[in-house]
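Encoded as structure tokens, the structure appears first; notes follow it.
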Amino acid sequence: MTIEGIIVLLVIAFIIVSLYINYIGPGLTFIIGVAILGLTKILTPGEILSGLANEQIAVIVMLLILGDIIKRSSVIDNIFNKAFEKAKTYRQFMMRMTVMVSGFSAFLNNTPLVALMMPFVNDWSKKHGVSASKLLIPLSYAAILGGCSTLIGTSTNLVVNSLVVDQQIIPGLEPLNIFDFSFVGVPMIVLGITYLIIFGNRLLPDHKDITETISTNTREFIAEVRVTKKAAFDGKTIEEAQLRNLKGLFLVEIVRGDEAIKPVTPQTKLSADDILMFAGNTDTISDFVTSKQGLQLSQVGMFAKLRHTELVEVVVPHNSTLISKTAKSSSFRGRFDAAIIAIHRNGERISGKIGDVRLRAGDVLLLITGEDFAKKVTETNDIYPISKIKEFKKLPTYKSATLIGGTLAAVILAGLGVVSLFIALLALLIIVTVMGISSAKDIAKGIDFNLILIIALSLALGTAMVKTGVANVISHYTFEMLVPLGVVGVMAGMFLLTNLMGSVITNIATVALTFPIVLTFAINSNLNPKPFILLVAFAGAANFITPIGYQTNLMVYGPGRYKFGDFLRIGFPLALMYMIVAVAGLIWQFDLRLN
């Protein structure tokens, strides 16, 4: 091996060790590794930067931006809330999520599915007290499992098929059909999902999100929540209505007419039109703004019908004319185009309805605001804004249809080969901006530059492996050692080699390298080449053991605050399971001789 090849191997070793230790972070790790390749002139500046011009990176970025736009429009919440409304526990949500994602990804590009699901998974995890790191890797793996089950489920399978088409001069070698992958792929969806549901909670890390850590020290507000007729709580006890152990909320008091009931016990019975006084932080209280569970913030009123509202924290200063006045007597709603939905008073728990509370200097108010709030608040010294907590946007039906329908149409048209996914998504983003569904500023905020850097530099690393011949040497020498082990040994070794190489360089480059080797082996051994071709596709696409092995793994890597070892811990058993099922299934399906 040349000196350049040895340097590439040392850089790969450094990257793997650094990612596993996670001391300097993945972005800096790749910068250092690729910088070494540049300084030793193994890679030119153009080759290092070529990844930034890669179409797939642009596609991933645009899909993440669209996912962020859809999340902020609340359209996706309505769709996913319906699909997951009965999922109250970790396993229930995991089952619904993995089944739905794997099913869709068999026929649609798995990258947009993961991009659209990520915001919803994060929101569900916060609401139910489950760390997002327990769900994001399974989200990515479910997409990979589903994508491997059909020809059009993943780009890797399509690349393998294009390699087959190029070799059609070989007798008996025909293009792959859409369901040629299903004999192995479908059973693996079932086994993979079962594995994730049984072992996921145990093997996946419990990385608390930074915002969760901060929220433990955030202000405790008192909010007034009305029981609607939809709740059907009349006559039920607090325990029967399941209001006893709400995540992040504590039922402080019940206001019934002029009577205040406190403390509230599990046996306290509810009546229609009761007012419930909850203590909680901004995140938990904000969930009531769009709640469909029969509980509604009393002060929201007409603001719930506005297309654009915001949740804002403000403080009452010492010179405010609001001091000693109630929200009603001060005409707060009319003066500020806002309603007080919760109050924080320096650790003191206030009593009674929000509208009847006399305000004090230093009170922090949680407001739901209309479009005129920003203008009116600048014209007064009675309240000072502290922070914007959340934004609620209700798109008109035609805009929602454009956003969701356009995304689906882009993916479907790209799948049918009518237009590239890059062009389709670019056109959709232009339409979204022109229609005012999202602004250019919001689009810029949705770009994850760290993700772009990692993917681009990982492509440069793959270029170095191919350019120096490292990848080719590994492939040839490995197969020479495997041939004496017979069909089973060659297939198992081929899967492991392809899978491991795909964990370091791109899976497309990997299958391009291993395809001619296995094809030659099958022809020289007078064996049907089709099962070997399928095995290369499975091994290249079913990449679970590293975050850089597949684009969806990279997408969840940062948001889940994962370490390199997290993927290895849960992904390696799944990869071995896939190898066993693929080898055994293909030998059985094609009746290969066991040497």
Within the stretch 30-37, identify whether any single residue is at pLDDT 70 or above and assigned to a loop (DSSP other than H, G, I, E, B), and answer yes or no.
no
Residues located in the stretch 303-331, provided they are farther than 23 Å from residue 280 by Cα and without any contact (Cβ under 8 Å) to a residue 40 or more places away in the chain
305, 323, 324, 325, 328, 329, 330, 331
Residues of the stretch 119-135 classified as in contact with a Phe, Trp or Tyr (Cβ under 8 Å, 6 or more places away or on another chain) and under 18 Å from residue 201 (Cα atoms), total
6
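This table checks each residue for (1) over 23 Å from residue 527 (Cβ atoms); (2) crowded, with 16+ Cβ neighbours inside 10 Å.
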| position | (1), (2) |
| --- | --- |
| 140 | yes, yes |
| 143 | yes, yes |
| 146 | yes, yes |
| 153 | yes, yes |
| 161 | no, yes |
| 199 | yes, no |
Cβ pairs under 9 Å, 6+ apart or interchain, first in the stretch 550-563 and surrounded by 24 or more Cβ atoms within 10 Å (Cβ to Cβ), second in a helix (DSSP H, G or I) and among the basic types (Lys, Arg), ordered by first then second residue, are 560/134
It is to be established whether one or more residues within the stretch 576-595 are in a helix (DSSP H, G or I), aromatic (Phe, Trp, Tyr), closer than 28 Å to residue 121 by Cβ and at pLDDT 90 or above.
yes
Let me spell it out: the conditions are (1) assigned to a helix (DSSP H, G or I); (2) free of Cβ contacts under 8 Å to residues at least 60 places away in the same chain; (3) not basic (Lys, Arg), and residue 111 meets all of them except one. Which number is the exception?
(2)
When you scan the stretch 1-29, how many residues do you find that are closer than 29 Å to residue 569 by Cα, in contact (Cβ under 8 Å) with a residue 12 or more places away in the chain and in a loop (DSSP other than H, G, I, E, B)?
1
One residue is enough: does the stretch 379-387 have a residue meeting the conditions at pLDDT 85 or above and of a type in the set (S, T, N, Q)?
yes
Condition (residue is at pLDDT 75 or above, of a type outside the set (Ser, Thr, Tyr) and touching a helix residue (DSSP H, G or I) at 6+ places or on another chain (Cβ under 7 Å)) applied to the stretch 68-76: is it met by at least one residue?
yes
Expected single match for buried (at least 19 other Cβ atoms within 10 Å of the Cβ) and free of Cβ contacts under 8 Å to residues at least 40 places away in the same chain among 522, 582, 541 is 522
Tally the residues that are touching a Pro at 6+ places or on another chain (Cβ under 8 Å) and not hydroxyl-bearing (Ser, Thr, Tyr), restricting the search to the stretch 109-133.
3
Identify, please: which residue in the stretch 493-519 is at pLDDT 85 or above and surrounded by fewer than 19 Cβ atoms within 10 Å (Cβ to Cβ) and is, among those, nearest to the chain's Cα centre (by Cα)?
500
Within the stretch 296-348, residues in a loop (DSSP other than H, G, I, E, B) and acidic (Asp, Glu) come out as 337
Members of the stretch 127-158 that are touching a residue at least 24 places away in the same chain (Cβ under 8 Å), outside any loop (DSSP other than H, G, I, E, B) and aliphatic (A, V, I, L, M):
132, 136, 137, 139, 142, 143, 144, 145
Matching residues in the stretch 371-384 - criterion: being within 37 Å of the chain's Cα centre (by Cα), buried (at least 19 other Cβ atoms within 10 Å of the Cβ) and not aliphatic (A, V, I, L, M):
373
Among the residues that make up the stretch 343-361, is at least one of them more than 30 Å from the chain's Cα centre (by Cα), over 17 Å from residue 298 (Cα atoms), loosely packed, with under 13 Cβ neighbours inside 10 Å and in contact (Cβ under 8 Å) with a residue 40 or more places away in the chain?
yes
When the stretch 1-19 is checked residue by residue, the ones that are at pLDDT below 75 and either exposed (fewer than 15 other Cβ atoms within 10 Å of the Cβ) or touching a Pro at 6+ places or on another chain (Cβ under 8 Å) (or both) are 1, 19
If residue 51 satisfies all but one of (1) modelled with pLDDT of 85 or more; (2) of a type outside the set (A, V, I, L, M, F, W, C); (3) not in a loop (DSSP other than H, G, I, E, B), what's the number of the condition it fails?
(1)
Here is a list of conditions, (1) outside the structural domain of residue 134 (by TED's automatic domain parsing); (2) modelled with pLDDT of 80 or more, and residue 192 meets all of them except one; can you say which number that is?
(1)
Scan the stretch 366-403 residue by residue and report those that are assigned to a strand (DSSP E or B) and touching a Ser or Thr at 6+ places or on another chain (Cβ under 7 Å).
366, 368, 369, 389, 390, 392, 393
Does residue 424 satisfy the criteria of being under 30 Å from residue 104 (Cβ atoms), surrounded by 16 or more Cβ atoms within 10 Å (Cβ to Cβ), modelled with pLDDT of 85 or more and aliphatic (A, V, I, L, M)?
yes
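The values are calculated or read from the model by the stated rules, or taken from the named source; none is laboratory data. Note that the structure is predicted; figures quoted are calculated from it, not measured. Neighbour counts are summed over all protein chains in view; Cβ atoms, including those assigned to glycine, are modelled from backbone coordinates with ideal geometry.
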